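What follows is a set of notes on a single structure, which appears directly below.
The values are calculated or read from the model by the stated rules, or taken from the named source; none is laboratory data. On a predicted model such as this, the values are computed, not experimentally measured, just so you know. Glycine gets a Cβ as well: all are built from the backbone with ideal geometry, and neighbour counts include every protein chain shown. Note: accessible area is taken over every heavy atom of the protein model, side chains too, but ligands, DNA and RNA are not part of it. Shrake-Rupley method; radii C 1.70, N 1.55, O 1.52, S 1.80 Å.
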Amino acid sequence: MALGWYLAVSVLIFCIGAGGVLVRRNPLVILLCLELMLNAGNLALVTFARMHGSEAGQIFALIVMVVAACEVTVGLGLIVAISRRNLPIDVDELHELNG
Amino acid sequence: MSAVLFFIAAIAAIIGAIGVVTLRNPLYAVLALVCHLISLAALFLLLRAEFVAAAQVVVYAGAVMVLYVFVVAYVGGGDEVKAGNSLRILGPMFAVALAIELFIAMLGTGLSGIKGHGAPYKLGFGDPEHIGKLFLTDYLFAFEVASLLLLVAAIGAIVLARRRRGLDADDVELARVLSTPRPAYTGTIAEGVGVRRVREQLEQVHGGVTELIGGPREDEPEEKS
């Protein structure tokens, strides 16, 4: 397959993830959509690594995976803390920091 | 053969992504993401990134998703609230606009490589040996920073999600230590950064008395922080 197809898949997944972040209001699902966007970036990185025949892109993809894991840990910690305080699990209700 | 595999994996990945965005129940959204991740690992294999594909399945689809399932089970998902906000319409429009823009960028690119099938395959491209060698030589700094980031994230998650209950009823010793009167600002960050010294000077000027804090209180000590 030409590598452009992989990039097209990556673009589609990224846009689906971005739309999901904007539309959904459950912070858990927003985190899932962030994962989608990071994975789309990963796919593009691995595609470009294949295009250039160097493994640097794959290294970056692995680092992105580490960052995604950290983001998930902290985000899920936040969600657990929110639910402990019996606050609503809804990003529209959690607007105390609204300026 | 590789084209067939590509289309199967790509369609599965996109369907999984759409499932994550549209499914109402967060548990099903997590399962759709697992499907998406596994088909993405198949795409990585087609791109000859064996180690990345293995890490994707083991770390992502394995460990991270288990964390998600636990939290969904703990939190209970919460009911998705109905629409009514303007983002309900603007969000998809933004996504479509972004897709169009990225496709224009991709089609109009001067990169001739995306029409080809990639660089000629070298033996051992993307296998753990090469990746590990690169991590410990060229990309050592990124590797160390990533490990530090993982440590910080682990500690942060523990701090964020820990149980804040105050003291246990039978923890008499700690309660006694905490209720002993002490000069204000001692044992706090304020002392560390020198606020206390400023205060003492002010008190010398005004002849005031250092107030005591933490003494026995008449009301119940507060349980929640």
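Here is how the numbers come out for the structure above:
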item: Options A:74, A:46, A:29, A:23; residue that is more than 11 Å from the chain's Cα centre (by Cα), within 30 Å of residue B:163 (Cβ to Cβ) and of a type in the set (Val, Ile, Thr); result: A:74
item: Condition met for residue B:54 (within 7 Å of another protein chain (Cβ to nearest Cβ) and within 26 Å of residue A:5 (Cβ to Cβ)); result: no
item: Identity of the residue in the range B:31-49, open to solvent by 30 Å² or more (accessible area, probe 1.4 Å) and in a helix (DSSP H, G or I), that ends up nearest to the other protein chains (Cβ to nearest Cβ); result: B:46
item: Of residues in the range A:20-73 being open to solvent by 30 Å² or more (accessible area, probe 1.4 Å) and of a type in the set (Ser, Thr, Tyr), the one nearest to the other protein chains (Cβ to nearest Cβ); result: A:73
item: Filter pass, residue B:18 being over 23 Å from residue B:124 (Cα atoms), open to solvent by 60 Å² or more (accessible area, probe 1.4 Å) and facing another protein chain (nearest Cβ under 7 Å); result: yes
item: Filter result (open to solvent by 40 Å² or more (accessible area, probe 1.4 Å) and among the hydrophobic types (A, V, I, L, M, F, W, C)) within the range A:74-91; result: A:74, A:78, A:87, A:91
item: Residues located in the range B:152-182, provided they are open to solvent by 100 Å² or more (accessible area, probe 1.4 Å), at pLDDT below 75 and not in a helix (DSSP H, G or I); result: B:163, B:165, B:169, B:170
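Yes/no per residue for (1) more than 7 Å from chain A (Cβ to nearest Cβ); (2) buried (at least 16 other Cβ atoms within 10 Å of the Cβ); (3) not in a helix (DSSP H, G or I):
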{"position": "B:100", "(1), (2), (3)": "yes, no, no"}
{"position": "B:105", "(1), (2), (3)": "yes, no, no"}
{"position": "B:110", "(1), (2), (3)": "yes, no, yes"}
{"position": "B:118", "(1), (2), (3)": "no, yes, yes"}
{"position": "B:129", "(1), (2), (3)": "yes, no, no"}
{"position": "B:132", "(1), (2), (3)": "yes, no, no"}
{"position": "B:135", "(1), (2), (3)": "no, yes, no"}
{"position": "B:143", "(1), (2), (3)": "yes, yes, no"}
